[in-house]
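Below is one structure; the comments refer to it alone.
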Amino acid sequence: MHLPDDPTELNALISLLDDPDETIYLQIRNRLLSIGSEVIPALESAWEHNAFGMLFQNRVEAIVHDIQFTSVFDQLKTWASQGGPDLLDGLMLLSRYQYPDLDEEPIRKLLDQITRDIWLELNDKLTALEKVRVINHILFEVYGFGGNTTNYHAPQNSYINNVVESRKGNPISLSAIYTILASRLELPIFGINLPKHFVLAYVDLMTMQPGISIGEAEILFYINPFSRGGVFSRKEIDFFLKQLDLKPDPKFFSPCNNLTIVRRMLNNLTYSYHKLGYPDKVAEIEKLGNALPPEDAA
């Protein structure tokens, strides 16, 4: 539904949000929700300039939030239905849940700059391990990215804008940034969805033939971005799983797709907000997860 042609009609509609009758409020709310994001500027203007009191302001804030949440949900669902083609786009959508007015340009510009700096140091004569050392040097030493060890479970670690601004993140967010850079540089580095941790795998290009999924490709070695890009072998994963008393599962060693990465980010946010005691946010993050296909389907 579009905005009414007559602005006075919209203003009259918004003014009715001050009506103490809950039935009238719900009717107006549903009408405004049906209009969608186009009504947000008028709602924000009314909130700022009209002296209707706390009831009006609270209702306006709730409606704006619901519209913005629905927009994020719908966009995330569209992104997922297309197979999650661009990981950065998916991460930006997650950030828009908490930061609806997010300016994406500074984030994209910084990642573009980091990509260029890495590219300048790469050449075809370098081995896979040497290429990873170049990425590690630029990302962790030059730009100062690293693990947030002092506030590990903070929800900010799962929002790409916060991670880029602070240069601190958790294993999944640092791995996501690493993966985005590798993809732009056409390096075969993919996420590994370990329980209670997230790392990366450098895939053998020779095994990445048409018709073979990344999950079936051979792994040269693994990378831990949370430990500044430390390289390790499958034996370390075996030992890690043994410490957790978990049986080896092929999915613990095989590359995952962008949908799995975003789902893991949502799971982290659910845990973070639960730990902080925000049940409303937990419920909303779980609802956002419904925009993605079931894990088995992905």
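Using the structure shown, decide if residue 227 is out of contact with any Cys (no Cβ under 6 Å at 6 or more places or on another chain), among the polar types (S, T, N, Q), modelled with pLDDT of 95 or more and assigned by TED's automatic domain parsing to the domain that holds residue 163. So residue 227 fits the description; yes. In region 96-124, the residues that are in the same structural domain as residue 139 (by TED's automatic domain parsing) never reach a residue that is assigned to a loop (DSSP other than H, G, I, E, B) and of a type in the set (S, T, N, Q) with C-beta atoms less than 8 angstrom apart, at least six apart or across chains.
Considering 27, 57, the condition of being part of a helix (DSSP H, G or I) and either under 20 Å from residue 101 (Cβ atoms) or in contact with an Asp or Glu (Cβ under 6 Å, 6 or more places away or on another chain) (or both) is satisfied by 57 alone.
Condition check ((1) closer than 21 Å to residue 272 by Cβ; (2) of a type in the set (Gly, Ala, Ser)) across all residues:
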position	(1), (2)
107	yes, no
154	yes, yes
159	yes, no
182	no, yes
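Whether a residue is of a type outside the set (Asp, Glu), over 20 Å from residue 103 (Cα atoms), in the same structural domain as residue 268 (by TED's automatic domain parsing) and at pLDDT below 95 was assessed, and residue 150 passes this test.
Table: residues versus (1) surrounded by fewer than 16 Cβ atoms within 10 Å (Cβ to Cβ); (2) in contact with a Leu (Cβ under 7 Å, 6 or more places away or on another chain).
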| position | (1), (2) |
| --- | --- |
| 54 | yes, no |
| 60 | no, yes |
| 63 | no, yes |
| 69 | no, no |
| 78 | yes, no |
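Taking the stated definitions as given, is residue 25 aromatic (Phe, Trp, Tyr), surrounded by 16 or more Cβ atoms within 10 Å (Cβ to Cβ) and free of Cβ contacts under 8 Å to residues at least 60 places away in the same chain?
Numbers: aromatic (Phe, Trp, Tyr): yes; surrounded by 16 or more Cβ atoms within 10 Å (Cβ to Cβ): yes; free of Cβ contacts under 8 Å to residues at least 60 places away in the same chain: yes.
So residue 25 fits the description; yes.
Residue 138 fulfils the conditions (1) farther than 28 Å from residue 286 by Cα; (2) assigned by TED's automatic domain parsing to the domain that holds residue 28; (3) not charged (D, E, K, R) except for a single criterion, (2).
Against the list (1) β-branched (Val, Ile, Thr); (2) closer than 30 Å to residue 257 by Cα; (3) free of Cβ contacts under 8 Å to residues at least 24 places away in the same chain, the condition residue 70 fails is (3).
Taking region 262-280 as the search range and keeping residues that are free of Cβ contacts under 8 Å to residues at least 24 places away in the same chain and within 22 Å of residue 79 (Cβ to Cβ), which one is farthest from the chain's Cα centre (by Cα)?
Going through region 262-280, the residues free of Cβ contacts under 8 Å to residues at least 24 places away in the same chain turn out to be 267, 270, 274, 277-280.
Of the ones still in play, those that are also within 22 Å of residue 79 (Cβ to Cβ) are 267, 270.
Numbers: 267: 11, 270: 13 Å.
The qualifying residue farthest from the chain's Cα centre (by Cα) is 270.
Residue 247 meets all of the listed conditions (1) in a helix (DSSP H, G or I); (2) surrounded by fewer than 15 Cβ atoms within 10 Å (Cβ to Cβ) but one, namely (1). Is there any pair with a first residue in region 249-261 that is in contact (Cβ under 8 Å) with a residue 60 or more places away in the chain and within 12 Å of residue 219 (Cβ to Cβ) and a second that is surrounded by fewer than 18 Cβ atoms within 10 Å (Cβ to Cβ) and small (Gly, Ala, Ser) whose Cβ atoms are under 9 Å apart and which are 6 or more apart or on different chains, and what are they? Every condition considered, the pairs that remain are 254/213; 254/215; 255/213; 255/215.
The values are calculated or read from the model by the stated rules, or taken from the named source; none is laboratory data. Note that the structure is a prediction, hence the values are computed from the model and not measured. Reconstructed Cβ throughout: ideal geometry from the backbone, glycine too, with neighbour counts over all protein chains shown.
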